[in-house]
Structure formats: C-alpha cells, structure tokens
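Reading through the structure tokens given below for one structure.
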Number of protein chains: 2
Amino acid sequence: MKLPVSTEWLLHCATTLAQLEPGATASAARLAEYYDLPAAALAKQLQALVRAGVLAATTGPRGGFRLGRRPEDVTLLDIVEAVGGAASPYECREIRQQGKGALPPETCRDACVLAVKMHEAHQAWRTSLAATTLADVLTSLPEWAVGRTRSKLG
Amino acid sequence: MKLPVSTEWLLHCATTLAQLEPGATASAARLAEYYDLPAAALAKQLQALVRAGVLAATTGPRGGFRLGRRPEDVTLLDIVEAVGGAASPYECREIRQQGKGALPPETCRDACVLAVKMHEAHQAWRTSLAATTLADVLTSLPEWAVGRTRSKLG
C-alpha cells in the first residue's frame with residue numbers, strides 16, 4: 001500500500017508556495033531546484049494540482065505556480081487525492097458470490113460487512129487528512145521559515 | 001495506493017473459519033474451492049496469517065486451518081497487516097533537507113509536520129480497523145449464515 005512518491009513533493013511544494021508574497025509565483029524549474037527533484041516529472045504533477053484547483057498557473061516571462069485558493073481552503077487531503085491517492089486501497093471483488101460457497105444474489109443486496117469496515121477505515125484516513133489545512137501547516141513552522149523561503153525562492 | 005488483492009481473500013477466509021465448530025479445520029484447497037481462488041497463492045497467504053497467530057495450522061489427514069485465537073481477539077487490522085498492509089502508505093524521503101532550499105540538519109531534529117500529519121492519518125486508519133473483531137463481523141451476519149457455512153465447508 002503505497003502513495004505515489006510525488007505525494008511528498010507536492011505537499012512540500014504547496015506548503016512552499018503558500019509562503020510566498022501575495023501574487024508571487026515560482027516555476028516548476030525553480031521548485032525542482034529548490035528540492036532537487038526531477039523537473040519534468042514535477043511539472044506534470046504540479047499540473048495535477050492545478051486541475052484540482054489547489055494551484056493556479058500563470059504564463060509569460062514572470063509566470064509560474066501560485067496557490068489557487070487561500071491556505072485555509074486547501075487541505076492535505078486535497079493535495080494527496082489530486083495526485084493519485086483518491087481510490088480506496090481496498091478492492092472488494094465480491095468473492096462472497098463466487099465458488100462453491102457462493103451466496104445467492106438476493107442475500108447480497110447489502111454491501112459485504114468486510115467491505116463496509118474497510119471503507120470506514122479509508123474514510124477515517126480521509127477525515128484525518130481533511131482536518132489539516134496549509135494554513136495549519138504554516139502556523140506550525142518556526143518564525144524564520146517564511147522569510148527564508150521568500151528569500152531563497154522569491 | 002492499493003492493498004494486496006489477497007486482503008479480501010483472507011478477510012473472508014478468516015471470517016469463514018471463525019464460523020466452524022470448535023476444533024474443525026478447513027484445508028487451503030477447500031477454502032480455495034469455496035471462494036474460487038488460486039489454491040497455491042491462497043495457501044501461501046494463509047501461512048502469513050499463521051505466522052501472525054491469527055490462524056493455526058494442523059497437519060495430518062484431518063489437518064487444515066482453524067482460528068488461532070478467539071474471534072473476539074482477532075481484529076481486521078491483524079489480518080490486513082499480516083498480509084502486507086503494515087507499512088504506512090506515505091514515504092517521507094526528507095526532501096526538505098535537499099536541493100537549494102535544503103534546511104540545515106539542526107532545524108530538522110523534529111519530524112517534518114507533513115510527515116507527522118500523514119502518520120496521524122495512517123494511525124486513524126489503523127485505529128478504525130482495530131476497532132472491529134471477527135466476533136463483531138459474525139454478529140452482523142444473518143442468522144442462517146453459520147449453519148450454511150458449516151454445512152458447505154464442514
């Protein structure tokens with residue numbers, strides 16, 4: 001059970017972009033350099049965050065990425081699910097309805113209790129990630145962090 | 001983010017074995033037939049549940065698998081983690097310490113807040129799965145289920 005390796009990239013890039021001055025942007029190349037990441041792969045993943053509305057992309061000589069919403073309106077779940085982590089890790093293939101022990105269809109109108117419990121666990125995971133916003137993350141950073149990020153990336 | 005496909009197999013097999021009469025066993029071949037599953041692959045996975053203490057294996061002509069503990073002492077988490085689902089889906093590679101924006105080591109003594117939040121979500125998932133035992137699952141089955149399972153598999 002693995003999330004894409006780019007999950008870490010994008011959690012950090014979104015946190016970094018949330019620290020820039022209003023209106024400031026950073027290009028995929030700058031962000032890749034900032035974290036020593038493969039630039040083309042990162043650019044592709046940043047576009048996934050744009051499609052999800054987490055980031056906005058501007059073009060032109062001063063173009064790049066900035067947050068698409070206020071930091072208090074972006075949750076960790078928004079980011080994780082935008083880059084391929086949206087599906088439940090448990091796949092129910094209804095094996096209860098196959099083989100010599102197959103249950104008749106009329107007894108399977110309700111979802112299997114095992115699938116229900118696995119779904120509940122996934123929802124607990126989602127709820128946990130939805131409870132933290134980028135604004136919360138910024139609050140937890142040391143005082144010097146924002147100034148440092150702006151001077152290194154701005 | 002995917003759990004092994006065998007997760008469904010083993011949740012069902014353990015639930016089924018929990019319904020047998022005390023002392024009764026079922027072989028991997030019988031269980032494979034019961035759910036129309038690949039027998040060799042299932043046998044291997046059942047051994048993982050034996051190593052975790054969820055199942056016990058007996059040998060001899062009447063040998064096979066039975067529950068290794070009381071149904072109230074086996075949680076869904078025990079089963080899911082026994083078959084390869086134990087690692088957190090999020091991998092923190094400490095990218096905060098690499099590239100042009102690399103944080104100095106002395107500022108990274110505490111875990112990254114993003115890794116902490118991803119860990120908390122994984123713990124919420126684990127807590128949810130640990131809250132349901134096989135005894136709870138049996139309680140939720142219709143009245144006729146245990147008799148049917150015993151007659152078909154016993």
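Residues of region A:88-135 that become at least 50 Å² less accessible with every protein chain present than in their own chain isolated, using 1.4 Å: which are they? The answer is A:Pro89, A:Tyr90, A:Ile95, A:Gln98, A:Lys100, A:Gly101, A:Val113, A:Leu114, A:Lys117, A:Met118, A:Ala121, A:Trp125. Taken about its Cα centre, region A:75-154 carries a charge dipole of about 220 debye when Lys and Arg each add +1 at the Cβ and Asp and Glu each add -1 at the Cβ. When shorter helices are ignored and each DSSP H run of at least 4 residues is given -39500 (n - 2.57), the per-residue value for chain A at 222 nm works out to -14500 deg cm²/dmol.
Peptide packing for A:58-66, B:94-102 was compared via the average number of neighbouring C-beta atoms within 10 Å per residue; ordered from the highest value, the list is B:94-102, A:58-66. Per residue, the Cα convex hull of the protein assembly as shown amounts to 149 Å³. Reported value for region A:5-153: 140 Å³ per residue, from the convex hull of its C-alpha atoms. Taking θ as phi - 60° and the Karplus parameters 6.51, -1.76 and 1.60, the scalar couplings of region A:140-152 work out to 7, 6, x, 3, 7, 4, 5, x, 5, 4, 5, 6, 7 Hz in sequence order, x denoting glycine and proline. Both chains summed, the buried accessible area for A and B stands near 4900 Å², from protein heavy atoms and a 1.4 Å probe. Relative protection proxy for A:141-148, B:111-118, B:40-47, from highest mean packing down: B:111-118, B:40-47, A:141-148 (other beta-carbon atoms within 10 angstrom).
Bridging of B:Lys152 to lysines at a Cα separation below 17 Å is possible for A:Lys100, once same-chain residues fewer than 8 apart are set aside.
When the GluC sites (Glu not before Pro) in region B:12-92 are filtered for DSSP coil states and for at most 15 other beta-carbon atoms within 10 Å of their beta-carbon, the remaining sites are B:Glu91. Rounding to the nearest 10 and keeping the result within 0 to 90°, find how far the Cα-based axis of helix A:6-17 lies from the longest principal axis of chain A. It works out to around 40 degrees.
For region B:79-122 and region A:1-76, what is the centre-to-centre distance using only Cα atoms, to the nearest Å? So the separation of the two Cα centres works out to 19 Å.
Label-point distances for A:Glu21 to the equivalent site in the other copies, using a point 7 angstrom along Cα→C-beta, read 8.2 nm when ranked shortest first.
The values are calculated or read from the model by the stated rules, or taken from the named source; none is laboratory data. A quick note: this is a predicted structure, and the numbers were derived from the prediction, not measured. Here the Cβ is made from the backbone with ideal geometry for all residues, glycine too, and neighbour counts use every protein chain on show. Side chains are part of the model used for accessible areas, which takes the heavy atoms of the whole protein and leaves out ligands, DNA and RNA. Shrake-Rupley method; radii C 1.70, N 1.55, O 1.52, S 1.80 Å.
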